[in-house]
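Input: a single structure, listed below in structure tokens.
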Amino acid sequence: MQKEYWDKRWQDQQTGWDVGKVSTPLKDYFDQIADKNLRILIPGCGNAYEAEYLWEQGFQNTYIVEISELAVESFLKRYPKFPKDHVFISDFFLLNEQFDLIIEQTFFCAIDPKMREAYAKKSAELLKPGGKLVGLLFNRDFEGGPPFGGHKEEYLKTFSPYFKITTMDTAYNSIEPRKGTELFINLSKI
């Protein structure tokens, strides 16, 4: 499931994960952040509604990384104000930058479950001391994949070597189709 796979999904408009707006749990989290200077990364951003929302709220150090050029084209066509030098068309695992905050929104469920420990480790590497990984993880099974499902117990094992688990609980404000099936996570780099 590399670049060609995701380009084909975008080309065929097979983007069932796309909710058409910033997800409510993330919007509510963003709205309580006081420091607009945080350097923020959104991996596997797709249509990047979260990046658009953050940018509109004054978070001018927001960056996105996406392996599919078609996804980036879709986002920039819809939201041309986003600066192109804040876009990494790259594999997340090859990125070599530093951030204060990484936002997880349907990227974790898109990667092969065998890559989840590598994701946790890479996220920790990309974060500055005290940095956070915040977002949503599915707390359910899916047939086949992607998306690939999972459950809290396995996520705790995956992330705890690299992060202090501040929050990993059922999101109380998920969108209706995902109610009861998402965990809101707030993890601090160890």
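The values are calculated or read from the model by the stated rules, or taken from the named source; none is laboratory data. In this text, all values refer to a predicted model and were calculated from it rather than measured experimentally. Note that each Cβ is placed from the backbone with ideal geometry, even for glycine, and that neighbours are counted across all protein chains shown.
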Output for the range 166-182, where each listed residue is of a type in the set (D, E, K, R) and part of a strand (DSSP E or B): D169, E182
Subset of the range 56-109 [farther than 21 Å from L126 by Cβ and either small (G, A, S) or crowded, with 22+ Cβ neighbours inside 10 Å (or both)]: G58, S74
Some residue of the range 111-118 being of a type in the set (G, A, S), touching a Phe, Trp or Tyr at 6+ places or on another chain (Cβ under 6 Å) and more than 28 Å from K179 (Cβ to Cβ): no
Residue in the range 79-102 that is closer than 27 Å to K179 by Cβ and in contact with a strand residue (DSSP E or B) (Cβ under 7 Å, 6 or more places away or on another chain) present: yes
Residue selected from the range 95-112 under the condition at pLDDT below 95 and of a type outside the set (F, W, Y), by the criterion nearest to S188 (Cα to Cα): Q105
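Of a type in the set (G, A, S) and free of Cβ contacts under 8 Å to residues at least 12 places away in the same chain: does that describe G144?
Yes: the conditions hold for G144.
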